[in-house]
Each structure stands twice: as C-alpha cells, then as structure tokens.
Amino acid sequence: MAKIAVLGYGTVGSGVVEVLSTNSSSIATRAGQPIEVKSVLDIRDFPGDPIQEKIVHDIDDIVNDPEIDVVVEVMGGVEPAFTFVKKALDAGKSVCTSNKALVAAHGPELLEMAKERKLNFMFEASVGGGIPIIRPLNQSLTADEITKITGILNGTTNYILTKMSKEGSSYEETLKEAQELGYAERNPEADVEGYDACRKIAILTSLAYGSTVNFEEVTTEGISKISTADFKYAEKLGCVVKLLATSYRRDEKVYVITAPFMIDSTHPLYNVNDVLNGIYVNGNVLGNVMFFGAGAGKLPTASAVVADVVDCVKHKGTNVMTVWAKTKLELGKTDDEVREFFVRINGDASKDADAVKAAFGDVSVITVDGIEGEFGFVTGEMTEKAFNEAAKKFSVINRIRIDKTILK
Ligand code: HSE
C-alpha cells in the first residue's frame, strides 16, 4: 500500500481523492499496489464530509510522516506551494503538482532537488489539464527535435472567443456569462490577459529545448481588445480568432509568443472550441502530431495528477529523468518574426486604399456591411518591426497576427 498526501482540498484536490476512490482497483493494478490518501492539508475544516478525518492544518504533519511516499500539491500560486514542495522533497517524498505558476517559476530547481534525492517531481497537469503533453514531450518525442509548438492552452479564453465567434456577442457580455458559469474567475486577469497561457507555453518550450524560458520575457497579449467587429472581418476571411501560445526554433533562436491570432479552416486548431485545449507539435522526424481534450476541470486535471502519482509509486527510489536545465534559453525578438497581419484602420476605403498599398504593398481592402468609417486588409509576410513602422502612418483600430502553422 502506497500512502499519499494532498495539499489543498479545492477543485483539483477533491478530484484527486475522487479519482483514487472511483478507479481504486485499476489504479492499484497499474501502480503495482493500492494507493491511499492518508492526509489532506487545508486551512479549512469540512465538518460532515468523510474527508474531515484526514484533514491536517500543518504541513509538518505530512513531511514528518514516514508512511507518506508521495505528496500531491494542488494549492495553486507560487507561495506557500514552493516552500511546502521543497519541504516534501527534503523529507524524501516525491511530488506531483498541477500548479503551472510554481512549475514555470521554479521547475528546474525542483527537478534538480528530486533528482539529487532519487525522487520525482512530476507536473503533467500543469499544462493542458487532462491532456497528456508533458510526458509525450519528455518520453515519447525524444527522437525528435521539436520545430514548433502551437497551443490553445487556456480554456476560459477559448470559451469566450468561441462564443463571440458563434453568437456575435460582445467580449464584456461573454466574459460575464463565463463568470456566471464558473468558467472564468471573478478576477479573470490571469486568463484573459494571457498570463496563464504564457506560463504554459514557457513550460512546454523549456521541456522541448531543455533549458529555461523566462516567462516574463515572453511577448504576451490577451483577448480583452478583441471585438465583435474583429470577428465579422474574420468571418469574411474564413477565419476564427484564437488565443495561441506558440514557440518555434529558427536559426538557433527560439521565438515564443502568446497572443490572439487569426487562423483559417486549414489550421489544425481551427475546430478546437469552447473550453477545450489543443496542442499541435511539429517534430523534424515525426512530422506533425496533435493533442486535444479537456484542458481544465476537476476530474480531467485530477486524472493527469493521479497518473503522475502512479508513475511516482512505480518508480520509487528511481528518478525519471526530465531534461530542463536552469540555463536561460535565449529568445528571439518578436520584432524579427515574420508573418502576415490582419489590420483594421480608421478611414474610407475608396480614398485611403492607395496610401495603404504604398505602405503595405498590393493588399486587398476588406469592408464589412454595417461597419462604417473603417476598413481592413491582410498584409503580405513581413517582420513585426516593418509592420509596426508602416502602421505608424495610419490610425490603426486593431491588428491581429495570422498563424499558418503547417510547416513543410
Ligand atoms: N484557467 C485555466 C484555463 C485553468 O482556463 O485553462 C487550467 O489551467
């Protein structure tokens, strides 16, 4: 019998307890022994709930318990999670976490601590919820050099953008509805400003290239400036707008960005809708592979956490190597990236088209019935720097990058 502790009895923590109970028999077979939750750390009490007899309020009750082999950290946020995880590793316990803020900020340090102690630090649930993506990058795609990762990594924003696209509703009303349904937090900033997706692509990119992406250096734009008008233009172009988190290697540099992109129906992520996530990975020998599914939610996230627990139990006394060094990965400048841009400017298409063509080349002007005093166009491929220079001459309402991810 392997005994574990869970730090945090919130949505994911209670999901972990539920999954271990629902699938106890198949999990025991796969782990080689039954797995039992011995203690749950929470500041709250749960009177009347059977979990109450396992609740402890002091982390030391867990780290000093020699029976506990694995600690599940599902509290979220960097502190006190970081301190508690270090204590657990120091006490000889492997750790599994769903906490992307912790992993993005301290992943290599915690991996190193686990390795030195012949333990494991696993974080499958930190990116893509229930979708396996960390283990594939770490174990299944090791024959490949990863050339590009393109992800829809945030369910909240994907829900909002899908609704806006399908129902023509405004950003504000859709966000409010998402909050009422529990898909968006009362303070939605981390999701809608792209910070959550930015940390997730930082983790995936660090694993793909073996050294650390400092998420604070990643160009990050959210969806709060996307309007219903943008979707009307997108529809005319046969496109949708998605919050993409992407990274790719070009000329020994890695370019990482989280921002809204327009993608057309040939794009593999075009049909990844609602709260679902999708991750499209290009490898130099494999070609293309796509991961798709529930990127958040109690049971999907708990499924990934419990799979890590099973792996820790199976590998007791052995460190499963994860290559992610503390060395900083040098990122290329967004200014040097080359792509097409969709642009909306204030003006009159019949009068201003010549000036636009003089600045951006032979572009076709797009107008949308019912939207007055402005027009749109799609540029040819150009660097972001050249785009910004040319755009200075105009009153730009919005510009959305275009992703054509299929690599030849
Ligand atoms: N807020 C996140 C999302 C939860 O919407 O995807 C999973 O990390």
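The values are calculated or read from the model by the stated rules, or taken from the named source; none is laboratory data. Fair warning: this is a prediction, and the values are worked out from it, not measured in the lab. Glycine also receives a Cβ, built like all others from the backbone with ideal geometry; neighbour counts cover every protein chain displayed.
Tell me whether region 288-296 contains one or more residues that are within 30 Å of GLU235 (Cβ to Cβ), within 16 Å of the ligand (Cβ to nearest atom) and not in a strand (DSSP E or B). Checked region 288-296: at least one residue is within 30 Å of GLU235 (Cβ to Cβ), within 16 Å of the ligand (Cβ to nearest atom) and not in a strand (DSSP E or B).
Residues checked against (1) within 25 Å of LYS118 (Cα to Cα); (2) aliphatic (A, V, I, L, M):
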| residue | (1), (2) |
| --- | --- |
| VAL56 | no, yes |
| ASN64 | yes, no |
| GLU73 | yes, no |
| PRO80 | yes, no |
| LYS86 | yes, no |
| VAL95 | yes, yes |
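Select from region 332-391 the residues that are in contact with a Lys or Arg (Cβ under 6 Å, 6 or more places away or on another chain) and either more than 16 Å from ALA234 (Cα to Cα) or aromatic (Phe, Trp, Tyr) (or both) and list them in ascending order. The answer is GLY332, ASP335, ARG339, PHE341, ALA359.
Identify the residue in region 35-62 that is of a type in the set (Asp, Glu) and outside any helix (DSSP H, G or I) and, among all such residues, is nearest to ASP308 (Cα to Cα). Here the answer is GLU36. Screening VAL272 against (1) closer than 29 Å to TYR183 by Cβ; (2) more than 16 Å from the ligand (Cβ to nearest atom) leaves a single unmet condition, (2).
Among the residues of region 312-347, those identified as under 18 Å from LYS385 (Cα atoms) and part of a loop (DSSP other than H, G, I, E, B) are GLY332, LYS333, GLU337, GLU340.
Pairing each residue of region 303-322 that is touching a residue at least 24 places away in the same chain (Cβ under 8 Å) with any residue that is part of a helix (DSSP H, G or I) and among the β-branched types (Val, Ile, Thr), provided the two are 6+ apart or on different chains, yields C-beta distances under 7 Å for SER303/VAL19; VAL305/VAL12; VAL305/VAL16; VAL306/VAL16; VAL306/VAL19; VAL306/ILE27; VAL310/ILE27. All told, GLU185 meets the bar of being under 20 Å from VAL74 (Cα atoms), touching a helix residue (DSSP H, G or I) at 6+ places or on another chain (Cβ under 8 Å) and without any contact (Cβ under 8 Å) to a residue 60 or more places away in the chain. Taking every residue in region 95-117 that is touching a residue at least 24 places away in the same chain (Cβ under 8 Å) and farther than 25 Å from ASN154 by Cβ and pairing it with any residue that is within 15 Å of the ligand (Cβ to nearest atom) and of a type in the set (Val, Ile, Thr), at least 6 positions away or on another chain, yields no pair with a Cβ-Cβ distance below 8 Å. Among residues belonging to region 89-115 that are of a type in the set (D, E, K, R) and touching a helix residue (DSSP H, G or I) at 6+ places or on another chain (Cβ under 9 Å), point out the one that is nearest to the ligand (Cβ to nearest atom). My answer is LYS100. Return a yes/no flag: does region 301-313 have any residue that is surrounded by fewer than 16 Cβ atoms within 10 Å (Cβ to Cβ), more than 16 Å from the ligand (Cβ to nearest atom) and among the charged types (D, E, K, R). Looking for residues that are surrounded by fewer than 16 Cβ atoms within 10 Å (Cβ to Cβ), more than 16 Å from the ligand (Cβ to nearest atom) and among the charged types (D, E, K, R), one finds none in region 301-313, hence no. If we scan region 301-323, do we find a residue that is of a type in the set (A, V, I, L, M) and under 30 Å from ILE263 (Cβ atoms)? Yes, region 301-323 has at least one match. In the set (1) under 24 Å from ALA296 (Cβ atoms); (2) part of a helix (DSSP H, G or I), LYS115 fails one condition alone, (1).
In region 348-365, which residues are outside any helix (DSSP H, G or I) and either surrounded by 17 or more Cβ atoms within 10 Å (Cβ to Cβ) or free of Cβ contacts under 8 Å to residues at least 24 places away in the same chain (or both)?
If the condition is that a residue be outside any helix (DSSP H, G or I) and either surrounded by 17 or more Cβ atoms within 10 Å (Cβ to Cβ) or free of Cβ contacts under 8 Å to residues at least 24 places away in the same chain (or both), then GLY361, ASP362, VAL363, SER364, VAL365 are the ones that fit.
Where in region 160-232 are the helices (runs of 4 or more DSSP H), entirely inside, with at least 1 residues that are modelled with pLDDT of 95 or more and basic (Lys, Arg)?
The qualifying helices (runs of 4 or more DSSP H) are 171-180, 195-209.
Scan region 59-90 for residues that are within 23 Å of PRO34 (Cβ to Cβ) and surrounded by 18 or more Cβ atoms within 10 Å (Cβ to Cβ) and the total you get is 10. Only residues that are surrounded by 24 or more Cβ atoms within 10 Å (Cβ to Cβ) and either charged (D, E, K, R) or on the phi > 0 side of the Ramachandran plot (or both) were counted across region 119-151, and they come to 3.
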